[in-house]
Every structure is written in C-alpha cells, then in structure tokens.
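This report concerns only the one structure given below.
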Amino acid sequence: MTIWLNGSLHDTDSARVSVLDHGLTVGDGVFETLKAVRGRPFALTRHLARLTASARALGLPEPDLDEIRRACTAVLDANPMPLGRLRITYTGGLAPLGSERGAARPTLVVAVAQTPPPVATAAVVTVPWTRNERGALAGIKSTSYGENVIALARAKAHGATEALLANTAGALCEGTASNVFVVLDGELHTPPLASGCLPGITRALVLEWAGAKETELPYDVLERAEEVFLTSTLRDVQAVRAVDGRELPAAPGPVTAKAARIFDEQSTADLDP
Ligand code: PLP
C-alpha cells in the first residue's frame with residue numbers, strides 16, 4: 001500500500017512518524033474516515049469542513065485542505081480499488097516528552113484500505129457509560145477514541161456489532177462509530193447535535209434527503225421503537241435487527257427501507273453532495 005505522509009507518497013512499511021508524536025502520546029489529533037467509490041472520495045468537502053472544525057477545537061494549526069485533496073487523489077490513484085475507506089489523520093506532531101505541543105509541524109497521514117460493501121443489518125447493545133454532551137470533545141472527531149473502543153468491545157462481547165450510548169442527561173446520543181435514528185408512531189427521529197453526538201455526515205445527508213425530526217429522546221426509547229437504524233460512512237443506512245437481544249419487528253422496516261433507498265439513489269448520483 002502507498003500512503004501520504006507529510007507532503008509525499010510513501011510505502012506503508014517504510015513511512016515513519018516520530019514515536020513522540022503528540023497524537024500517539026496524548027491523543028492530540030483529529031481524523032476523518034470517508035469512503036472512496038471507484039477512486040473518488042464521497043462527500044469530501046463535508047469531511048474537510050468537519051476536519052477543520054475538529055482541528056480548530058483542539059487548537060491544531062489550520063489543516064492545508066489543498067494538500068489533503070491532493071493527498072486523497074494521489075493515494076487513490078496509487079491504490080486502485082472498487083470501494084475503499086480513506087482515513088485522514090492530522091495530529092500535533094513531534095512534541096518531546098514533558099513539552100506542550102510546540103512549534104513542531106503537524107503530522108498528516110492519508111491512507112486507504114479496500115472495504116467490503118456495508119453489512120445490511122446490525123445488532124446493538126446499550127451500555128452503562130455516558131457521552132458527556134458538555135465535554136470539550138463533544139461533537140469532535142478526535143483520535144481520543146478510547147471510550148468508543150471500550151463500548152464497542154462490550155458490544156462484541158455480547159455478540160452485537162455496535163453499542164449505543166446515552167448522554168449524561170439520560171438522552172439517546174449515538175453509537176461508537178454511528179449516529180442513530182428511531183421510528184416512533186411511523187415518524188423518523190434522530191437525536192439533535194446538542195445531545196453530544198458527532199455531526200455525522202451520513203446523518204446530515206439523511207436529514208436533508210429523507211427528512212427526520214431532531215428530537216431529544218430518552219435512552220429507553222430503544223425498548224419501544226418500531227424501527228431503529230444506524231448511519232455512518234461505512235454503513236450508509238443500516239437497519240438494526242436487535243437491541244439488547246430484543247428482536248425488532250422488521251429490519252429493515254418500511255421507514256428504514258425508504259431512507260436507505262433515498263440515500264442510495266442520491267449518493268450514487270452525487271459523489272460530493
Ligand atoms: N458518531 C461517531 C462517534 C463516529 O465515529 C462516526 C463515524 O465514524 C459517526 C457518528 C458517523 O459519522 P459519519 O456519517 O460522518 O461517518
């Protein structure tokens with residue numbers, strides 16, 4: 001594989017960043033995962049806007065979006081594949097132990113890996129940990145994803161594929177790597193950004209294209225929802241078939257199937273919506 005590291009292409013095996021990179025030592029970094037369809041990034045402009053917002057929140061230097069666009073093109077040209085997951089990582093760079101992130105140049109890595117088409121359904125679990133909707137990292141796609149790693153491990157231990165979290169107010173928030181939509185009385189709802197969820201790009205597109213209400217929902221709504229689905233770059237619209245072992249009446253149910261169809265049609269028509 002060929003990756004982009006700080007201005008040029010490298011073989012993955014020979015690309016090197018410092019072992020004292022602030023992203024590695026303290027999680028001082030931000031990232032984006034986006035899909036590439038036949039060599040073209042999907043919704044790149046939106047991903048770059050979110051990366052910039054995340055970088056600003058952490059006080060990282062403004063990312064060079066022209067370089068990142070060139071990097072995505074170069075990496076995709078060097079690694080042709082039908083469906084890829086592109087990963088952009090941007091960190092504080094080398095910071096000697098005991099020092100703050102200094103004048104060091106930030107680290108930029110763009111890598112790609114082939115990915116299979118999304119899996120049709122998910123089984124999810126609820127977890128005892130909460131997302132802090134007022135925390136400094138709320139809504140930020142930072143490389144400090146330890147909480148998500150722990151919650152996902154819990155899901156896997158229960159034979160599920162995703163964990164859904166509440167926020168500190170007890171409201172439904174999001175998954176470890178997904179946003180969540182629920183159907184109640186035939187109507188589609190998703191938690192508002194104030195819940196502390198990541199401003200998911202798939203979530204935003206589903207809101208624009210299929211329509212849904214942004215509603216503060218109690219966590220236990222999952223016990224009575226008629227349908228539940230997850231959204232993310234690598235899932236698109238993914239029907240939930242079970243919550244904590246409770247089978248949902250249908251996966252996908254009619255509302256989910258409609259949202260999935262609309263998303264599919266629109267996203268195929270426009271690769272940079
Ligand atoms: N929420 C979290 C915590 C995520 O990490 C992700 C993506 O990985 C999402 C939601 C979905 O965002 P997107 O649709 O932009 O992939």
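Here are a few things to note about the model shown:
- Checking segment 158-165 against the condition returns no match, with no residue being assigned to a strand (DSSP E or B), within 15 Å of the ligand (Cβ to nearest atom) and within 13 Å of ALA259 (Cβ to Cβ).
- Total residues in segment 30-83 satisfying the condition of being away from the ligand (no atom under 16 Å from the Cβ), part of a loop (DSSP other than H, G, I, E, B) and buried (at least 19 other Cβ atoms within 10 Å of the Cβ): the figure is 3.
- Verdict on ARG87 being open to solvent by 70 Å² or more (accessible area, probe 1.4 Å) and either among the β-branched types (Val, Ile, Thr) or in contact (Cβ under 8 Å) with a residue 12 or more places away in the chain (or both): yes
- Scanning segment 205-221 for residues that are surrounded by 18 or more Cβ atoms within 10 Å (Cβ to Cβ) and in contact with a helix residue (DSSP H, G or I) (Cβ under 9 Å, 6 or more places away or on another chain) yields a total of 5.
- Selection status of ALA251, within 16 Å of the ligand (Cβ to nearest atom), touching a residue at least 12 places away in the same chain (Cβ under 8 Å) and of a type in the set (A, V, I, L, M): no
- Search result, residues across segment 174-189 that are buried (at least 24 other Cβ atoms within 10 Å of the Cβ) and either modelled with pLDDT under 95 or within 11 Å of the ligand (Cβ to nearest atom) (or both): GLU174, GLY175, SER178, ASN179, VAL180
- Scan of segment 212-244 for residues that are aromatic (Phe, Trp, Tyr) and within 13 Å of THR126 (Cα to Cα), ordered by number: TYR219
- Qualifying residues in segment 251-273 (those that are small (Gly, Ala, Ser) and farther than 19 Å from GLU226 by Cβ) - the one least open to solvent (accessible area, probe 1.4 Å): SER267
The values are calculated or read from the model by the stated rules, or taken from the named source; none is laboratory data. The structure displayed is predicted, hence computed values, not measured ones. Note that each Cβ is placed from the backbone with ideal geometry, even for glycine, and that neighbours are counted across all protein chains shown. Calculation scope for accessible area: heavy atoms of the full protein, side chains included, ligands and nucleic acids excluded. Shrake-Rupley method; radii C 1.70, N 1.55, O 1.52, S 1.80 Å.
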